[in-house]
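Have a look at the structure below before the remarks.
Coordinate-derived values only; no laboratory data. Quick caveat, the model's predicted, so the values are computed rather than measured. Positions of Cβ are backbone-derived with ideal geometry, glycine not excepted, and every protein chain shown enters the neighbour counts.
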Amino acid sequence: MDKVSGGPHDSLTAKSVENEEALLVLEVVHAQWEVHRAEKSLTECIVQEHEKIANLHHFKAQQMQDSIDQMDLNVGWINVTFINHS
């Protein structure tokens, strides 16, 4: 049997469709919020990783500088030794 439009049930059906659409839109917005939150968390992790890498490079550079300073001292002592024993 064909449904007659314009009856009281049509407005309920239209409301149901609107409600269903509204719920789906809310789900999309919530999913987008979750993605944004995950992206923000990932960004914070990447920044932290870069800071740790920078700390490691600084540490290695300081070790190399200390090694160079020690070599300079050794070369200085060798020069003094040669001068004193020549």
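General remarks:
- Glu27 sits among other residues whose Cβ lies under 12 Å from its own Cβ, and their net charge, with Lys and Arg +1 and Asp and Glu -1, is -3.
- Principal-axis tilt of helix 8-85 within the chain, Cα atoms, nearest 10 degrees: 0 degrees
- Stretch gain in nm, segment Ile53-Ser67, where the contour uses 0.36 nm per residue and the Cα spacing is subtracted: 2.9 nm
- Listed by chain and number, the aspartates and glutamates whose alpha-carbon sits under 15 Å from that of Lys15, ignoring those within fewer than 8 places in the same chain, form an empty set.
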